[in-house]
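K.L.:
Quick one: the structure is below, questions incoming.
The values are calculated or read from the model by the stated rules, or taken from the named source; none is laboratory data. The shown structure was predicted, so the numbers you read here are calculated from the model rather than taken from an experiment. For neighbour counting, all protein chains shown are included, and Cβ atoms are generated from backbone atoms with ideal geometry for every residue, glycine included.
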Amino acid sequence: MEARRLPARSARRRRVILLGWTLASVALVVRAFQLQVLEWEEWRARAAQQQRKTLEVPAPRGAILDRDGVALALSHEIYRVAVAPRELEDAEGAAALLVDVLGLGRTEALRATRSQRPWVVLPGLHSPAVRERLVGITGFHFERALRRFYAHGDLARALLGDVDAGGAGVGGIEQEFDAVLRGRPGQEVVARDANGRPIPGESWLIREPQRGKDVVLTLDLDLQEIGHQALEEAIVATGAAGGDLLITEPWSGEILALVSLRADGRRSLSAINAPYEPGSTLKPFTVATLLAEGLAALQDSVYAEGGVWTVGTRAIRDVHPYGSLTVADALRVSSNIGIAKAAAVLPPGVHYQHLRDLGFGSPTGIGLPGESAGTLRRPRDWSAYSTSSLAIGYEIAVTPVQMVMAYGALANGGVLVEPRIVREVLDELGRPQQRLAPRVVRRALPASVAGEVSALLVDVVEAGTGKEAALATFSVAGKTGTSRYHGSGHYERGSYQASFVGFFPADAPQLVVFVKLDRPTGVYYGGMTAAPVTRATLEAALAARRAPLDRRALALAAANPPPRQRDGQRIRFASVRRAAVPEREAEAEALAAAVGEGDAAGVAVPDVAGLPVRVAVRRLHALGFRVAWPRSGPIVGTEPAAGQRVTAGAVVLLLVGDRNDG
């Protein structure tokens, strides 16, 4: 019985196993049919998705150029280099190339070319010249990337801004014009390995990236460099915490130089985003308001109280004691008491409206991120002391760009214009696509009043507090300012801001210059610290061959200066110029030669060894050279050497020794 049951059980087991194999085979066939026939398209798409990926190809950003087309910011192509060892025909020769072209060590190069991995990405980013030497050699692959390059280092970097890792503009022009500069990205398909990493050399471009547009600034590179060096030297010489320098055209509102520096090296755009109390540089507008409203004349007399005037519980003081002064003299000697007393007749609403008309208390519209409107409170918020405080530049906060534009209105006959930092936008082929024309904001002052106040500011420079800004050949109009530094909610004891604002030539202005130094140590008056920076800047601008100046007009102005007459205490420009005489014509020719194209044979480099850096730089600038030096220290020579004749506008390198030399 048992013998018969065993074969029966074995047969049933075999039938079960056979049925299982049959069902499994049917399931496999059905699944294979499902995958290979019914779902074939879906799985092929999934495989392609895993093996290939569509990536964005960044577009080169447009360039940022100065007014003459000199590149300030550019996008450069750079490349990563990868080696596929299995594709190399000569591993030893490839390693030698890596040593020669990329500068790799021989051991590192051999490790890369003999690796068992499918490919090896080599360290570093390399120029197109490196790619040119390796392209076409089997086994070498390249990955393109873009890097933003600022051609002149730290010059105007805060103004230009930066680009983040994602290619977006951060700060300055890069941020404000990001949509214009960034262009349109392209697309490429890249092959990926089993781990999802791109395979070098396995990519296909499916849409070309479209380059961004170029932005042309109003900046002049020469003036920006001159202003940067002049302000940098002044910060070092005075021990200031930082400062600002602006150069503008009074008629167009174009910003030719915008420099904001900090002693600790931090980037700053304080020229547009850090309001300060202007002090005495606001006094010309107090006088202009009085004249425009017919509430005072320049010959009117005010008593300056011998240096101290108590108003309620507040004492207003002058640096020097004065007795009776005319309004004109009060401005010339910068008497706080004289100007404050003269302003006492100003109705608050009138006073406020004139300050608003000059652009204070509202953004200028310069077109840069982070611009501050400053502070100008409405008359309902004024105290009994506000009129006298505002008259001498307190209880108001202005930005440097607001102040330089207000002085531009004095220089151009009373018209406030909007500051311009961008001239035009160029398309991908370099053709003008958008021009930004000068824009008049409003008439801020009657032309006659602007002329009278401008003439007074010439006297401030020639015989008042601004003597250190005077030039030998041209008349300069301007005003000094020294105000207490307000920080952390209170005035800091012993801390001041020194400033000077002026324009030249006074009778036919071409440039307006603003200089401010924050918390200079030692001597802190604007006339002693900021005014000399203005003079040095103007001297260097005259020497710069490519600075945006009308040389012929300057030569004629120097040869035939307008006579100025004193009418009591009132100083004005005569309306008729003197006739030219042979001596003045010769002087004009000499000046034209000095500020013109220069001698074709070049200019001899002077011997500046042993001079202080500030003196040496000024002397070289005066001859039309650009100047660079690697570090501080005593000057031991120049490159090119002293006596060598080189083209004006060339860079002269100051050779600096150790401080313990000699």
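K.L.:
Consider Leu256 carefully, then state whether it is aliphatic (A, V, I, L, M), closer than 17 Å to Leu390 by Cα and at pLDDT 95 or above.
P.N.:
Answer is no for this residue.
K.L.:
Follow-up question, since we're still on this one. Conditions: (1) within 20 Å of Leu355 (Cβ to Cβ); (2) buried (at least 20 other Cβ atoms within 10 Å of the Cβ). Val259 meets all but one. Number of the miss?
P.N.:
In the conditions (1) within 20 Å of Leu355 (Cβ to Cβ); (2) buried (at least 20 other Cβ atoms within 10 Å of the Cβ), Val259 misses (1) alone.
K.L.:
Taking the options Gly466, Gly481, Gly489, name whichever one is of a type outside the set (A, V, I, L, M, F, W, C) and out of contact with any strand residue (DSSP E or B) (no Cβ under 6 Å at 6 or more places or on another chain).
P.N.:
Gly489
K.L.:
Can you tell me which of (1) more than 21 Å from Phe360 (Cβ to Cβ); (2) part of a strand (DSSP E or B); (3) touching a helix residue (DSSP H, G or I) at 6+ places or on another chain (Cβ under 9 Å) is the one Ser260 doesn't meet?
P.N.:
Of everything listed in (1) more than 21 Å from Phe360 (Cβ to Cβ); (2) part of a strand (DSSP E or B); (3) touching a helix residue (DSSP H, G or I) at 6+ places or on another chain (Cβ under 9 Å), Ser260 misses just condition (1).
K.L.:
Any idea which residue in segment 506-532 is surrounded by the most Cβ atoms within 10 Å (Cβ to Cβ), counting only those that are closer than 24 Å to Arg67 by Cα and in contact with a strand residue (DSSP E or B) (Cβ under 9 Å, 6 or more places away or on another chain)?
P.N.:
For segment 506-532, the residue satisfying everything is Val515.
K.L.:
When you go through Ser495, Ser488 one by one, which is the residue that is out of contact with any Gly (no Cβ under 9 Å at 6 or more places or on another chain), modelled with pLDDT under 90 and surrounded by fewer than 23 Cβ atoms within 10 Å (Cβ to Cβ)?
P.N.:
After ruling out the rest, the residue left standing is Ser488.
K.L.:
Could you figure out which of (1) outside the structural domain of Val458 (by TED's automatic domain parsing); (2) in contact with an Asp or Glu (Cβ under 9 Å, 6 or more places away or on another chain) isn't true of Leu556?
P.N.:
Condition (2) is where Leu556 drops out.
Residue-wise test of (1) under 47 Å from the mean Cα position of the chain (by Cα); (2) modelled with pLDDT under 80; (3) part of a helix (DSSP H, G or I).
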position: Val16; (1), (2), (3): no, yes, yes
position: Leu23; (1), (2), (3): no, yes, yes
position: Gln34; (1), (2), (3): no, yes, yes
position: Gly69; (1), (2), (3): yes, no, no
position: Ala95; (1), (2), (3): yes, no, yes
position: Val99; (1), (2), (3): yes, no, yes
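K.L.:
So which of Val401, Val425 is under 23 Å from Phe504 (Cα atoms) and among the aliphatic types (A, V, I, L, M)?
P.N.:
It is Val401.
K.L.:
When segment 434-460 is examined, which residues are found to be in contact with a Leu (Cβ under 9 Å, 6 or more places away or on another chain), aliphatic (A, V, I, L, M) and closer than 30 Å to His320 by Cα?
P.N.:
Val449, Ala450, Val453, Leu456, Leu457, Val460
K.L.:
Next question, about the same structure. Which one of these is touching a strand residue (DSSP E or B) at 6+ places or on another chain (Cβ under 7 Å), small (Gly, Ala, Ser) and over 30 Å from Ile255 (Cβ atoms): Ala63, Ala96, Ala71, Ala82?
P.N.:
Ala82
K.L.:
So is Leu325 buried (at least 22 other Cβ atoms within 10 Å of the Cβ), modelled with pLDDT under 95 and of a type outside the set (Ser, Thr, Tyr) or not?
P.N.:
So Leu325 fits the description; yes.
K.L.:
In addition: Please go through segment 263-278 and give me each residue that is crowded, with 24+ Cβ neighbours inside 10 Å and either of a type in the set (Val, Ile, Thr) or part of a helix (DSSP H, G or I) (or both), ordered by number.
P.N.:
Passing the criteria: Ala271, Ile272.
K.L.:
Let me ask something else about it. Please verify whether Phe500 is crowded, with 24+ Cβ neighbours inside 10 Å and without any contact (Cβ under 8 Å) to a residue 60 or more places away in the chain, treating the condition exactly as stated.
P.N.:
Criteria not met by Phe500.
K.L.:
Go through (1) in contact with a Gly (Cβ under 9 Å, 6 or more places away or on another chain); (2) closer than 18 Å to Lys479 by Cα; (3) of a type outside the set (Lys, Arg) for Gly374 and report which single condition fails.
P.N.:
The single condition Gly374 does not satisfy is (2).
K.L.:
Against the definition (at pLDDT 80 or above, under 30 Å from Val216 (Cβ atoms) and of a type outside the set (Asp, Glu)), how does Arg106 come out, yes or no?
P.N.:
Spelling it out, it is not the case that Arg106 is at pLDDT 80 or above, under 30 Å from Val216 (Cβ atoms) and of a type outside the set (Asp, Glu).
K.L.:
If you scan segment 330-353, which residues turn out to be under 23 Å from Gly414 (Cβ atoms) and either of a type in the set (Lys, Arg) or buried (at least 20 other Cβ atoms within 10 Å of the Cβ) (or both)?
P.N.:
If the condition is that a residue be under 23 Å from Gly414 (Cβ atoms) and either of a type in the set (Lys, Arg) or buried (at least 20 other Cβ atoms within 10 Å of the Cβ) (or both), then Ala330, Leu331, Arg332, Ser334, Ile339, Ala342, Ala343, Leu346, His351, Tyr352 are the ones that fit.
K.L.:
What number goes with the only condition from (1) in the same structural domain as Gly166 (by TED's automatic domain parsing); (2) at pLDDT below 80; (3) surrounded by fewer than 14 Cβ atoms within 10 Å (Cβ to Cβ) that Gln49 does not pass?
P.N.:
(1)
K.L.:
Does Thr289 satisfy being closer than 22 Å to Glu395 by Cα, out of contact with any strand residue (DSSP E or B) (no Cβ under 7 Å at 6 or more places or on another chain), at pLDDT 95 or above and not charged (D, E, K, R)?
P.N.:
Taking the combined requirement at face value, the residue satisfies it.
K.L.:
Looking at segment 401-436, which of its residues are modelled with pLDDT of 95 or more and more than 16 Å from Glu249 (Cβ to Cβ)?
P.N.:
Gln402
K.L.:
Gln402 - would you say it is in a helix (DSSP H, G or I) and either crowded, with 24+ Cβ neighbours inside 10 Å or not acidic (Asp, Glu) (or both)?
P.N.:
yes
K.L.:
Here are some conditions: (1) farther than 25 Å from Gly487 by Cα; (2) at pLDDT below 95. Ala274 meets all but one. Which one does it not meet?
P.N.:
Exception for Ala274: condition (1).
K.L.:
Does Arg144 fit the bill of being closer than 30 Å to Val180 by Cβ, assigned by TED's automatic domain parsing to the domain that holds Ala168, buried (at least 17 other Cβ atoms within 10 Å of the Cβ) and at pLDDT below 80?
P.N.:
no
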